[in-house]
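Structure in structure tokens, see below.
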Protein chains: 8
Amino acid sequence: MLMQVMIILGSKSDTPVSEKAESILDELGVEYEIFIASAHRTPDRVKELVEASDAKVFLAIAGMSAALPGVVASHTLKPVIGVPVSGKLNMDAMLSILQMPPGIPVGTVGLDNGKNAALLACEILALTDKELEGKLREYRKRMQEKVLSDSESLASK
Amino acid sequence: MLMQVMIILGSKSDTPVSEKAESILDELGVEYEIFIASAHRTPDRVKELVEASDAKVFLAIAGMSAALPGVVASHTLKPVIGVPVSGKLNMDAMLSILQMPPGIPVGTVGLDNGKNAALLACEILALTDKELEGKLREYRKRMQEKVLSDSESLASK
Amino acid sequence: MLMQVMIILGSKSDTPVSEKAESILDELGVEYEIFIASAHRTPDRVKELVEASDAKVFLAIAGMSAALPGVVASHTLKPVIGVPVSGKLNMDAMLSILQMPPGIPVGTVGLDNGKNAALLACEILALTDKELEGKLREYRKRMQEKVLSDSESLASK
Amino acid sequence: MLMQVMIILGSKSDTPVSEKAESILDELGVEYEIFIASAHRTPDRVKELVEASDAKVFLAIAGMSAALPGVVASHTLKPVIGVPVSGKLNMDAMLSILQMPPGIPVGTVGLDNGKNAALLACEILALTDKELEGKLREYRKRMQEKVLSDSESLASK
Amino acid sequence: MLMQVMIILGSKSDTPVSEKAESILDELGVEYEIFIASAHRTPDRVKELVEASDAKVFLAIAGMSAALPGVVASHTLKPVIGVPVSGKLNMDAMLSILQMPPGIPVGTVGLDNGKNAALLACEILALTDKELEGKLREYRKRMQEKVLSDSESLASK
Amino acid sequence: MLMQVMIILGSKSDTPVSEKAESILDELGVEYEIFIASAHRTPDRVKELVEASDAKVFLAIAGMSAALPGVVASHTLKPVIGVPVSGKLNMDAMLSILQMPPGIPVGTVGLDNGKNAALLACEILALTDKELEGKLREYRKRMQEKVLSDSESLASK
Amino acid sequence: MLMQVMIILGSKSDTPVSEKAESILDELGVEYEIFIASAHRTPDRVKELVEASDAKVFLAIAGMSAALPGVVASHTLKPVIGVPVSGKLNMDAMLSILQMPPGIPVGTVGLDNGKNAALLACEILALTDKELEGKLREYRKRMQEKVLSDSESLASK
Amino acid sequence: MLMQVMIILGSKSDTPVSEKAESILDELGVEYEIFIASAHRTPDRVKELVEASDAKVFLAIAGMSAALPGVVASHTLKPVIGVPVSGKLNMDAMLSILQMPPGIPVGTVGLDNGKNAALLACEILALTDKELEGKLREYRKRMQEKVLSDSESLASK
């Protein structure tokens, strides 16, 4: 089966963040494959995985000197979404992913925000997938209803 | 003609950053429309512009308390790319755009990096546009040749 | 009954901060209404709530890319007080609320400082409410006595 | 004549920021008095000025270890708006003003944002001044028209 | 008995930091008095305490928008040592104390470093107290011996 | 003649900051000696200078990884005042000087604030020098008069 | 036996970081000696240890105002590797070690990253030690296999 | 002739920093080769250059999301020295280079500090090159004499 999204983690310790992304992709019925591959420890494998894949969108999740998203982007013309993982500093992963040089873009989401990375991937895929767009619309509606019911619980406290 | 990308600037002073994006879109032959609309000064207009548009990708460019990209994202299910604009602080626009709450994604690029915002938009559009993908491939090749020739100039200095 | 203050939270998780504000308003006898409404997840509802309200002062409490206070301010000419909520970064919410563009003011208080937000609202209301001003004076006196008695306990330790 | 706003600057070098505030107050027809008084160099004078004044709102403008807004707030129950002034660090003045201890509020606006400080003061005064509220409404409308005309100029470029 | 050092805390919660200072002063036999007095909640009391004291050195300990050391310095010509207290941000107290305007000095020590504040006070007093200077010399020697014995324990591990 | 203060600069480029200190010491009639000696380039010379000196107070001025004030403090029991010098980062020198380990104190003043370093040194010397204390009192009075006259110029503008 | 590496810790509390370095050196069979010596508390001892040693590479581990690596570098022409130790701030140790003045280099590794400090030392020693180079190659291969097996565990989850 | 050092720049704009390194290597007579190769724009070329080289030490100079030093390190077991280049943020390049994951070390020097990168490389090479060690000793002596003569000029001013 064709995988639409490839998730790459820089390290096993990034799993809690990738699980948020997987959970959204599962909920919205998007096929994905998932790998651990380090830009620094296994640079050749990152290249091979990216070049061999038919995925339309790449999600790269990494902490510290988070070179992975940029390195993925250096090997593909497909959109790459980067997720910085929190650690002792936070700013290291955020700036490493965000501040790409002009020419090789990475769309960065917030710290540990695997959920938004997956939703952004779905929005991209939904440009040519009406069913997925409908699921995204439903997802957003459920969020809004959740905010409303939270508000009512609070007011009637 | 159908506009594929909408560029929204939070303020006239963000023009130097949008010009970098426009230059890429012009070079790669992607149609776009461009507006100034402030999330704080003209919130209703932001909503109207976003909801009335058929654009497939939104580029929102803003500085300071850069709410614009997030507000654009709150009114659409299309992918939104945010560009923080430098100013007295830099971190204000970067974090305002990057740290979106789970559920409403914005793909953020680096400070003032209008070029990467446009390239990311093109990568998204190229998923269903082989001609554009070819142009992106050419663009990247030219960048690589530029690096090579820079290297040779330096070495033979 | 007329509500003098509207408290809006960006998310249910901001409740610990709003409780500090509520506690002050309860103690000083100021009527308020309270809602959860997200600038990003429920933008239309934020607009409706603000425009429908007769409140004289708005307290907007939010974390991360805290667009809520600015969005509230974009829909009203009443004074808006913003409270940044702490999280993984802190600077994100602080700068998002503080660095409003010229023209749309938000009066920001310190991180998680729901108490000061409520006191500032009371100071504004007390400009035309002598009874409330008296209560504020008493409140401040009690604080001072607390500092004095703390000092004495420490000295006689 | 009764002064409605007192502007206090910590130093003569803060004048460019106070001029932005004065310009708004002049435009909206709000009476104000203006003084230089340093929390560190002339602490007694700050106290005297604040206690002797009938102003309804205080604007305190200061840089570096910007104690002035907090010290003004310590001597009054009227609302105090603090404006951090940029310098070699920026964060010094911003955090000194923003991070007031619970009990003594200061509503802080953005770096060098004298304009928003004055507008927030006007919003507070407009709660009991219909004419001023009308002027604020006009002011905001002019801002919106400016954004629209900027947008049109850009689009027709 | 004449008190040589006055310790002022901005809040009861700063006690763990003042205890480090007290412990040094007790160990080196320096007389001190200790008070809680808030620059923001009890400004007049800070002034009274400072002006009424015969202390030769002031230690002012405060967190958040730590105005206390600067306000103490504004009321005396005696040397003032400021100690920033850690909290949600750390930089707020550090910069508030450190970045005093030219003319009113505060000698700042590191975050929560009540010990160094007391030692600096003792070094100042020891300029005219040979016995205290001797005690400081002994104290430093004990520190050096501690480093040496730690080193030996580690090496022989 | 006995030198009461030793000023040590880490580099010739720190001269603009030391000149502010010299100007105060000259104005208040305090004798000082001045040297350039780098903690990293000439460590032995720093030790020799400090140990050979009869100065009562040391002013150490340095930028970047500003080890000089701490190294001076490691060789003396006299009070050491550190002045961080601004550069590409600012935080490097500030934190290097401020965050001394418990046991070896340095009293740090604000960025480039040579003036406050000299004034703090004078306050320390004035503890046993009534004439100097009088000069400090006069100096502070002149500052206050300057603030007053600045205020009057501004008000009568 | 000749020691090839000297590890110096600024304080006993840095032991968890030095243990990571020791573990690598033990695993790769490199001889080392280890000492605690504080740049601020025992400056003379730092000099003696460094000057008396035949080590080819120095590892200096320190937190807060981490002067130790720079002071070691000031006493030797051998390569010095600095390891910043995390604490209340992190940036203090990182910048103190990293921002050395031109002329006296320290090669800094990441926060608490004793492992990389030891590996860098081994890479330097391996330039003239083929056996050690082989061990480094094996070590890196094991890391890569670990990433692969982590990836397979994750994929087959 | 055998090149002992390879300098790689991420972009032509990093030339001012590499020139500082070249100047030292020229002065100390160390052979080097120099290339521009971007980790993001020309990832394969970085790999080829590194793997084909016989250099003993690599100097990698890059700004923004400075992946280059880490990517160089991922392709070699030789020591890699990273130099962050200043830009709009500074922290981006510093943290990207410094915060390498455990296992792949990069020895980082200060911002724009090409001089120290070259000196560190020379110290490594001097471990097996007595002549180079002598030149380093002379170089350091000249620095010390420069500090002394600067000090004398200042004192006799």
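Let me spell it out: the conditions are (1) touching a helix residue (DSSP H, G or I) at 6+ places or on another chain (Cβ under 9 Å); (2) at the interface with another protein chain (Cβ under 8 Å from one of its Cβ atoms), and residue E:143 meets all of them except one. Which number is the exception?
With (1) touching a helix residue (DSSP H, G or I) at 6+ places or on another chain (Cβ under 9 Å); (2) at the interface with another protein chain (Cβ under 8 Å from one of its Cβ atoms) applied to residue E:143, the lone miss is (1).
Under the condition of being open to solvent by 30 Å² or more (accessible area, probe 1.4 Å) and either over 15 Å from residue H:44 (Cβ atoms) or more than 8 Å from every other protein chain (Cβ to nearest Cβ) (or both), which residue from segment B:146-157 is nearest to the chain's Cα centre (by Cα)?
Checked segment B:146-157; the qualifying residue nearest to the chain's Cα centre (by Cα) is B:146.
If residue D:10 satisfies every condition in (1) surrounded by fewer than 24 Cβ atoms within 10 Å (Cβ to Cβ); (2) more than 11 Å from the chain's Cα centre (by Cα) but one, which is the exception?
(1)
What's the number of the only condition in (1) in contact with a Gly (Cβ under 8 Å, 6 or more places away or on another chain); (2) closer than 20 Å to residue D:27 by Cβ; (3) open to solvent by less than 20 Å² (accessible area, probe 1.4 Å) that residue D:136 fails to meet?
So residue D:136 meets the others, but not (1).
In the set F:72, F:147, F:106, which member is outside the structural domain of residue F:42 (by TED's automatic domain parsing) and not charged (D, E, K, R)?
F:147
Next question. Quick one: which residue in C:101, C:79 is in the same structural domain as residue C:27 (by TED's automatic domain parsing), open to solvent by 10 Å² or more (accessible area, probe 1.4 Å) and under 28 Å from residue D:132 (Cβ atoms)?
Every option except C:101 fails the conditions.
May I ask you to list the residues in segment A:26-43 that are within 16 Å of residue A:116 (Cα to Cα) and charged (D, E, K, R)?
Listed by number, the residues that qualify are A:26, A:27.
Take the residues in segment G:1-20 that are under 24 Å from residue E:144 (Cβ atoms) and part of a helix (DSSP H, G or I); name whichever of them is nearest to the other protein chains (Cβ to nearest Cβ).
Among them, the one singled out is G:12.
Is it true that residue C:73 is surrounded by 24 or more Cβ atoms within 10 Å (Cβ to Cβ) and touching a residue at least 12 places away in the same chain (Cβ under 8 Å)?
The answer is yes for residue C:73.
Quick check on my filter: what residues within segment E:43-60 are open to solvent by less than 10 Å² (accessible area, probe 1.4 Å) and under 26 Å from residue D:76 (Cβ atoms)?
Those that are open to solvent by less than 10 Å² (accessible area, probe 1.4 Å) and under 26 Å from residue D:76 (Cβ atoms): E:46, E:50, E:60.
I need the full set of residues from segment H:24-39 which are open to solvent by 10 Å² or more (accessible area, probe 1.4 Å) and either in contact with a Pro (Cβ under 8 Å, 6 or more places away or on another chain) or over 23 Å from residue H:130 (Cβ atoms) (or both), in order please.
Across segment H:24-39, the qualifying residues are H:33, H:34, H:35.
Taking the criterion of being closer than 30 Å to residue D:5 by Cα and without any contact (Cβ under 8 Å) to a residue 40 or more places away in the chain, would at least one residue in segment F:116-138 satisfy it?
No, every residue in segment F:116-138 fails to be closer than 30 Å to residue D:5 by Cα and without any contact (Cβ under 8 Å) to a residue 40 or more places away in the chain.
Could I ask something else about it? Kindly state which helices (runs of 4 or more DSSP H) lie completely within segment C:24-138 and contain at least 2 residues that are farther than 16 Å from residue D:99 by Cα, within 11 Å of chain D (Cβ to nearest Cβ) and modelled with pLDDT of 95 or more.
The qualifying helices (runs of 4 or more DSSP H) are C:68-74, C:114-126.
The values are calculated or read from the model by the stated rules, or taken from the named source; none is laboratory data. Keep in mind it's a predicted model, so treat the numbers as computed, not measured. We place every Cβ from the backbone using ideal geometry, glycine too, and count neighbours over all the protein chains shown. Areas reflect the complete protein model, heavy atoms only, side chains present, ligands, DNA and RNA absent. Shrake-Rupley method; radii C 1.70, N 1.55, O 1.52, S 1.80 Å.
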